[in-house]
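Written out below as structure tokens is the structure these notes cover.
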Amino acid sequence: MKLLINLTCIWLLLLIPITCHGQDDQAITKAVGGPCEGCEAIFELGDKHLKNVDTLPLFNETSPKLKITGTVYQNDGKTPAEDVILYIYHTNREGIYQTRGDETGWARRHGFIR
């Protein structure tokens, strides 16, 4: 069984460069954004000062860690976008959007790990 898994991994690794290389010459467009559940939750932040680096609640207490990095671009795909809020919510280790019991607004559905 272990040999089968290793051979599968090698086969997939061989396919990835070929697939990616095959797309180099093609123009690929992907719609980003649009409707999403709870996007209006950002308005619950009010006047809270936001930073460009932050951590979710329980980050230091739990593992494995989830790290999200990157740049949000304008529609041209080259110019970094300004004044973007990335709204993130996450389940706990059991897959539950954990609440503390006093949540209001979107925190009632998304939990406090947001």
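So, ARG100, is that one basic (Lys, Arg) and surrounded by 10 or more Cβ atoms within 10 Å (Cβ to Cβ) or not? Spelling it out, it is not the case that ARG100 is basic (Lys, Arg) and surrounded by 10 or more Cβ atoms within 10 Å (Cβ to Cβ).
Report yes if GLU37 is under 14 Å from ILE113 (Cα atoms), part of a loop (DSSP other than H, G, I, E, B) and of a type in the set (Asp, Glu), otherwise no.
So GLU37 does not fit the description; no.
Only one entry of ILE85, ILE96 meets the criterion of being without any contact (Cβ under 8 Å) to a residue 40 or more places away in the chain and under 22 Å from GLY38 (Cα atoms), and that entry is ILE96. If you filter segment 68-91 down to residues that are within 28 Å of GLY111 (Cα to Cα) and among the aromatic types (Phe, Trp, Tyr), you find that the one that is modelled with the lowest pLDDT is TYR87. Among the conditions (1) part of a loop (DSSP other than H, G, I, E, B); (2) at pLDDT below 90; (3) surrounded by 10 or more Cβ atoms within 10 Å (Cβ to Cβ); (4) under 16 Å from the mean Cα position of the chain (by Cα), the only one that THR62 does not satisfy is (4).
The values are calculated or read from the model by the stated rules, or taken from the named source; none is laboratory data. Model, not experiment: these values are computed from the prediction. A quick note on method: Cβ atoms are made from the backbone with ideal geometry, for glycine too, and the neighbour counts reach across all protein chains shown.
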